[in-house]
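The values are calculated or read from the model by the stated rules, or taken from the named source; none is laboratory data. On a predicted model such as this, the values are computed, not experimentally measured, just so you know. Glycine also receives a Cβ, built like all others from the backbone with ideal geometry; neighbour counts cover every protein chain displayed. When the accessible area is computed, the model is the full protein with side chains, heavy atoms only, and any ligands, DNA or RNA have been set aside. Shrake-Rupley method; radii C 1.70, N 1.55, O 1.52, S 1.80 Å.
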Amino acid sequence: MVGIRERWIRASGGLQSWARRAAARPGLGALQQQGYASKVEVSMPKVVEVDLGNTAMLPCRFPDSNITYVHWSYITRAGRTKVHSWVQGKVFTEDPPYVGRVSMDDAFTLAITQTTLQDARIFVCQVGAGSLGVGENRTELRVYKAPEPPEIRANEGGISVGSSESQEIAECIVRNSFPGPNITWLKDGHRLHQEDDKVKVMDTRTQEASGLFTARSRLFAFVTRQDRHAYFQCQAHYLLSGGERQAQSPKVQVHVFYPTENVSLAISAPRPQVKEGDHVALRCQGDGNPPPEYTFFRVQNNTATGEEEEQELPGKVDKGVLSLGKVHKEDTGRYRCKGLDLETMETLTANAELVVNYIEGLKVMKESSEPVSEGDNLTLTCEARGSRPLAFHWHKDKKGKALGSRQQLQLSNITREAAGNYICEVTMPGVQGLSRNKQVLVVVHGKPQVSVEEPGVPVQENELVTLTCTALAQPEPSITWSANGTVQNHTENYSVVSNLTVQVTSKLLRSGVTCTATNYLGVASRHIQLERRMTPTMPTTTTPAGNATVETIKKEQKPQESKGVIIVAVIVCILVLAVLGAVLYFLHKKGKIPCGRTGKQDITKPDARKDEVVVEVKSDKLPEEAGLLQATNGDQKPAGDQGEKYIDLRH
């Protein structure tokens with residue numbers, strides 16, 4: 001960093017030359033010429049460093065004996081300027097810019113606070129010791145300022161590989177430093193050095209009005225195709241108290257333009273082996289920047305001339321991708337992509353083969369069209385074509401177990417249970433998701449097999465009952481019943497289900513009902529016995545006439561039973577009221593019931609027992625009705641008297 005220090009000296013105004021000129025002026029030499037013997041030795045450091053704004057400490061060391069004064073001053077082009085003095089115990093600050101900023105401790109060390117760029121000078125400490133003479137020495141004060149973080153600006157327009165001259169890669173700016181910094185360049189972390197034919201660096205440095213420096217550096221270079229991935233950054237080197245420092249800028253990349261040298265065409269599909277129905281796209285990619293203009297073609301051979309014919313494919317090309325949509329076997333063939341480099345106007349081509357795998361012509365056949373009967377043998381054959389070898393798999397119904405893995409399926413000694421759908425599934429090994437299937441119905445002919453839900457059905461006479469009969473047979477049988485009623489038939493899982501709804505009679509209770517199924521191969525039937533259902537009985541009573549047993553049958557429905565109870569209760573109440581009225585009338589005729597006419601009268605006798613009943617009747621009857629009652633004392637009230645009456649019912 002010799003260069004930085006030299007620039008610092010130049011920035012501070014050539015202090016060494018000032019010092020040489022100052023030595024020729026009246027000073028220590030003049031004192032010696034006047035006859036003063038200099039016996040005071042003053043020691044000071046040659047250089048003191050401080051960061052801008054911090055406090056600088058300038059020590060001044062000498063023997064501590066008979067000191068009469070200490071003067072601190074700095075050297076300028078005009079001479080010396082006193083800053084701070086100590087004279088026989090008194091302190092003086094003489095230079096206005098330093099008032100309030102300088103001080104001196106007991107060891108005569110000068111402290112300068114809030115240092116500025118103007119403080120970068122040579123300071124002199126002069127010591128007077130009376131008869132011992134005068135001594136002095138000097139210190140260079142250097143002030144440093146760290147720069148702001150480096151700024152880097154990449155070339156936004158981009159750089160062409162084919163340029164005949166080096167082009168600007170980036171510019172680096174380092175602001176507000178003192179002294180001015182050095183700038184170096186890095187590529188992928190490695191230092192770049194100037195080379196006449198490859199790399200050039202142009203540096204400028206400007207001192208601002210504040211006294212701080214701003215450095216600029218521009219990097220010029222030739223680039224290659226490989227530089228499209230390179231990172232560039234600049235590095236600032238500057239001084240602070242204590243040594244050299246470094247600061248790096250962010251990394252940047254440059255747009256590098258280069259021609260297309262290669263073009264590739266790829267088939268973009270969900271899986272390596274394309275099948276019918278897959279979404280397929282053609283992806284063309286060139287290695288130039290900017291990328292070339294792409295055009296897609298279908299290539300076919302002319303059978304007449306044997307030459308290739310290109311058919312341009314329609315559709316929008318987006319970043320080198322053309323979608324073909326869902327493909328079919330007819331899309332199998334050769335495709336071509338052309339890339340036109342707009343800078344060199346050169347056209348490059350690439351080809352790719354598309355194979356669309358398929359399965360077609362699937363059919364399942366029986367060896368004979370004749371009906372299959374129980375005990376027969378049957379061969380089922382599955383045929384299909386495909387773009388690659390096929391595999392065959394047999395199973396019965398949708399979730400049946402596997403039956404075989406060949407084109408033919410042998411069924412031997414067929415039973416009725418063998419009837420159903422037989423499915424042939426065809427797959428293409430190595431092509432995921434490609435499969436086709438087809439089924440054939442195998443019908444086994446035989447005489448009917450009849451089943452009923454229950455051979456014995458509990459019923460009651462006169463009730464309606466539904467009986468069910470199921471017949472399994474091919475061809476489909478007809479079902480008849482031995483009893484007349486409503487019949488409903490339906491087919492379910494190759495079986496005929498028949499429902500008979502009939503009213504139970506005493507004859508049916510004795511004979512039962514028979515279900516008969518018939519086809520041309522035979523007849524089968526099942527008998528259903530109707531059994532009388534027993535009901536709960538009450539205790540029996542015997543009549544004198546014929547010792548007949550009368551059974552009280554419990555009501556079957558709660559609403560009817562409730563109505564019967566209500567009717568019986570009403571009849572009983574009416575009978576009780578009728579008997580009570582007859583008794584009252586009989587007692588009245590016998591004169592047992594006295595009636596009072598003079599208002600309310602106590603008819604309770606002193607010796608009345610607690611269980612005797614007294615009834616008080618408040619009547620609103622007409623006079624002729626009231627005359628029926630007699631008072632206890634034998635008096636009778638007029639017919640118009642409607643007072644209260646009392647009836648004694650104790651006798």
Rounded to the nearest 10 Å², the 1.4 Å probe accessible area of His279 is 110
Hey, if we sort Cys172, Cys573 by accessible area with the 1.4 Å probe, largest down, what's the order?
-> Cys573, Cys172
Placing +1 at every Lys and Arg Cβ and -1 at every Asp and Glu Cβ, with all other atoms neutral, what dipole size does segment 263-354 have around its Cα centre, in debye to the nearest 20?
-> 500
Where does each of Leu584, Leu390 land when they are ordered by accessible area, with a 1.4 Å probe and the largest first?
-> Leu584, Leu390
At most 11 other Cβ within 10 Å, DSSP loop - trypsin sites (Lys or Arg not before Pro), segment 385-471 = Lys398, Lys399, Lys401
Under a 1.4 Å probe, counting only protein heavy atoms, Phe178 has an accessible area in Å², nearest 10, of 10
Just in segment 164-231: which GluC sites (Glu not before Pro) are loop by DSSP and have at most 12 other Cβ atoms within 10 Å?
-> Glu165, Glu208
³J(HN,Hα), Karplus 6.51/-1.76/1.60, whole Hz, each residue of segment 345-360, x for Gly, Pro = 6, 9, 10, 10, 10, 8, 10, 8, 9, 10, 10, 9, 6, 8, 10, 9
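Relative contact order, percent, of segment 47-144 when contacts are C-alpha pairs under 8 Å separated by at least 6 residues? Spell out each step's value before the answer.
Numbers: 207 pairs, mean separation 37.2, N = 98.
That works out to 38 percent.
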Which value in nm describes the separation of the simple spin-label points at Asn489 and Met57, placed 7 Å from the Cα toward the beta carbon?
-> 12.3
Looking at this model, which pairs from Lys198/Lys319; Lys329/Lys363; Lys275/Lys363; Lys398/Lys447 are more than 29 angstrom apart at the alpha-carbon?
-> Lys198/Lys319
For Ser210 and Arg388, what is the calculated FRET efficiency with R₀ set at 56 Å and r taken between the beta-carbons, to the nearest 0.05?
-> 0.10
Extension gain Ser373-His527, at 0.36 nm per residue separation less the Cα-Cα distance, in nm?
-> 52.7 nm
State the Cα centre-to-centre distance between segment 50-90 and segment 432-469 in whole Å.
-> 125
Can you pull the percent of segment 449-532's accessible area that's carbon plus sulfur, 1.4 Å probe, other chains left in place?
-> 45
Under a 5 Å amide H to amide H cut-off, with H placed in plane at 1.01 Å, what residues pair with His445 once short-range neighbours are removed?
-> Val372, Ser373, Glu374
Centre separation in Å (Cα based) which lies between segment 488-505 and segment 514-530 | 12
What number comes out for the charge environment of Glu383, summing +1 per Lys or Arg and -1 per Asp or Glu over other residues with Cβ under 15 Å away?
-> +3
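Report relative contact order for segment 359-442 in percent, whole number only (criteria: Cα-Cα under 8 Å, sequence separation at least 6). Write down the numbers at each step before the final one.
On the way: 175 pairs, mean separation 27.1, N = 84.
With pairs under 8 Å counted, the relative contact order is 32 percent.
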Based on Cβ point charges of +1 for Lys and Arg and -1 for Asp and Glu, what charge dipole magnitude is obtained for segment 449-532 about its Cα centre, in debye rounded to the nearest 20?
-> 260
Diffing segment 229-242: the Karplus 3J(HN,Hα) column from phi (6.51, -1.76, 1.60, θ = phi - 60°), in whole Hz with x for Gly and Pro, holds 9, 6, 10, 10, 7, 10, 9, 9, 10, 9, 9, 9, 4, x
Please report how far the C-alpha centroid of segment 332-351 lies from that of segment 275-302, rounded to the nearest whole angstrom.
-> 9
3J(HN,Hα) from dihedral phi, segment 465-476, Karplus parametrisation 6.51/-1.76/1.60, rounded to Hz, x for glycine, proline = 9, 10, 10, 10, 9, 10, 10, 10, 5, 9, x, 4
Rounded to the nearest 10 Å², the accessible area of Trp481 using a 1.4 Å probe with every protein chain kept is 40
Which far-off residues, 5 or more places away or on another chain, put their amide H under 5 Å from the one on Cys60, with H placed in the peptide plane?
-> Thr109, Leu110
Rg (Å, one decimal) plus Dmax (Å, integer) for the alpha carbons of segment 359-442?
-> 13.3, 41
If you place +1 on the Cβ of every Lys and Arg and -1 on the Cβ of every Asp and Glu, how big does the dipole about the Cα centre of segment 148-257 come out, in debye to the nearest 20?
-> 200
